[in-house]
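Single-structure report; data block below.
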């Protein structure tokens, strides 16, 4: 009997240690080979894990995420573009485009994102800005707009340049923005595509997606991966930026200056698993949710709606510890006209009693300010009536006085 109890105790102790070790492993930050890393929650932008995330490195072809963003912003997909340089002159990865070749912006984007073609990058830059230098200015303006504070672009392809730099944090911000574009996501999730020249339809170029995390036939396949872009030069070493989604929770991760490309794909999965295993996304308000009723006039109150999804990230197990409220700026809207879904107010979201963020609030109904007498009387208060009567009586008294003076004359 004692021997049986002893064995049970040993088994219990073993199970306890196993469970404890497993729990500890889930919260242990991953070891990765990249020198720079940032893991972001896509909804809030919060950094969940970082390694030298604000240090600058050359990004190589992950640069092309920004190039695609600018092209999608400035061009129509069916616009035709004439290539200004042979692929041999551009250097780096190329499908073999020649000077004078004509392609649509759509085909150039597929060549850019799937095959990481440098000639496609330069062709888009020339088409949009006339030359690479001017296009780089647009890239830097967009980077600043997205909150990137340590990025400086010199070209659209990621070719080596000591002044062409970014950080893992900034790079993750670029993909986070790109994911909002349906066309970008459609292209980045396409396994393969064939580029067709407009000036020579018999010349075609097949391109394949190099983001192996989304390739089901790849040994690197990761079931939660949704998009990504990798890069390499001898100066930058291996770079990678990718996104994954699990149960509606989207994460973005960026790697810079990694020595081992093979390990990069494994590390990316480890970083995503760390994020999913240790953090939860709490939905505070969804876009279109009514957050309050707002008084416009004495006789009119309308609902105000959240203009976007508002989420909050917490450690696993702390989901029920979050309380939120919306404080709405006080503003007189009685003399303003607006339509349903127009932004009309600002609201401050408080989480656990602390300011979290400011958000635009939309009208849940239309309101048209009417200057007619009927509208004035309907919305008038007793004070207004008394004041108006006083003004009228004063006016009549003045007219009578004037008539009396004229009569005496």
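The values are calculated or read from the model by the stated rules, or taken from the named source; none is laboratory data. Quantities reported herein were computed from a predicted structural model and do not represent experimental measurements. Don't worry about glycine lacking a Cβ; one is built from the backbone with ideal geometry, like all the others, and counts go over all protein chains shown.
Remarks
- Index of the failed condition, residue 207 passing every other in (1) surrounded by 15 or more Cβ atoms within 10 Å (Cβ to Cβ); (2) closer than 28 Å to residue 56 by Cβ: (2)
- Among the residues here, residue 184 qualifies as surrounded by fewer than 23 Cβ atoms within 10 Å (Cβ to Cβ), in the same structural domain as residue 75 (by TED's automatic domain parsing), modelled with pLDDT of 95 or more and part of a helix (DSSP H, G or I).
- Within segment 365-376, residues that are under 25 Å from residue 289 (Cβ atoms) have Cβ atoms under 6 Å from residues that are modelled with pLDDT of 55 or more and surrounded by 13 or more Cβ atoms within 10 Å (Cβ to Cβ) in these pairs: 365/302; 365/340; 366/340; 367/296; 367/338, counting only partners at least 6 apart in sequence or on another chain.
- Enumeration of residues in segment 92-117 that are in a helix (DSSP H, G or I) and modelled with pLDDT under 95: none
- Residue tally, condition more than 13 Å from residue 66 (Cβ to Cβ) and within 16 Å of the chain's Cα centre (by Cα), over segment 126-148: 1
Residue-by-condition table, conditions (1) assigned to a strand (DSSP E or B); (2) in contact with a strand residue (DSSP E or B) (Cβ under 9 Å, 6 or more places away or on another chain); (3) farther than 16 Å from residue 176 by Cβ; (4) touching a residue at least 60 places away in the same chain (Cβ under 8 Å):
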{"site": "216", "(1), (2), (3), (4)": "no, no, yes, no"}
{"site": "222", "(1), (2), (3), (4)": "no, yes, yes, no"}
{"site": "229", "(1), (2), (3), (4)": "yes, yes, no, yes"}
{"site": "232", "(1), (2), (3), (4)": "yes, yes, yes, yes"}
{"site": "235", "(1), (2), (3), (4)": "no, no, yes, yes"}
{"site": "242", "(1), (2), (3), (4)": "yes, yes, no, yes"}
{"site": "245", "(1), (2), (3), (4)": "yes, yes, no, no"}
{"site": "253", "(1), (2), (3), (4)": "yes, yes, no, yes"}
{"site": "257", "(1), (2), (3), (4)": "yes, yes, yes, yes"}
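- The condition of being in a strand (DSSP E or B) and on the phi > 0 side of the Ramachandran plot does not hold for residue 341.
- Selection status of residue 156, in contact with a helix residue (DSSP H, G or I) (Cβ under 9 Å, 6 or more places away or on another chain), closer than 14 Å to residue 69 by Cα and assigned to a loop (DSSP other than H, G, I, E, B): yes
- Residues of segment 115-130 satisfying the condition of being in contact with a helix residue (DSSP H, G or I) (Cβ under 7 Å, 6 or more places away or on another chain) and either surrounded by fewer than 24 Cβ atoms within 10 Å (Cβ to Cβ) or within 20 Å of residue 208 (Cα to Cα) (or both): 116, 117, 118, 119, 120, 121, 122, 123, 124, 128, 129
- Residue within segment 303-317 that is outside the structural domain of residue 278 (by TED's automatic domain parsing), touching a helix residue (DSSP H, G or I) at 6+ places or on another chain (Cβ under 8 Å), assigned to a strand (DSSP E or B) and at pLDDT 60 or above present: yes
- Output for segment 276-302, where each listed residue is closer than 15 Å to residue 363 by Cα and touching a helix residue (DSSP H, G or I) at 6+ places or on another chain (Cβ under 7 Å): 297
- Condition check for residue 77: under 17 Å from residue 188 (Cβ atoms), part of a loop (DSSP other than H, G, I, E, B), touching a residue at least 12 places away in the same chain (Cβ under 8 Å) and touching a strand residue (DSSP E or B) at 6+ places or on another chain (Cβ under 9 Å): yes
- Residue in segment 174-184 that is without any contact (Cβ under 8 Å) to a residue 60 or more places away in the chain, more than 20 Å from residue 60 (Cβ to Cβ) and under 21 Å from the mean Cα position of the chain (by Cα) present: yes
- Some residue of segment 142-157 being touching a strand residue (DSSP E or B) at 6+ places or on another chain (Cβ under 8 Å), under 23 Å from residue 102 (Cα atoms) and assigned by TED's automatic domain parsing to the domain that holds residue 206: no
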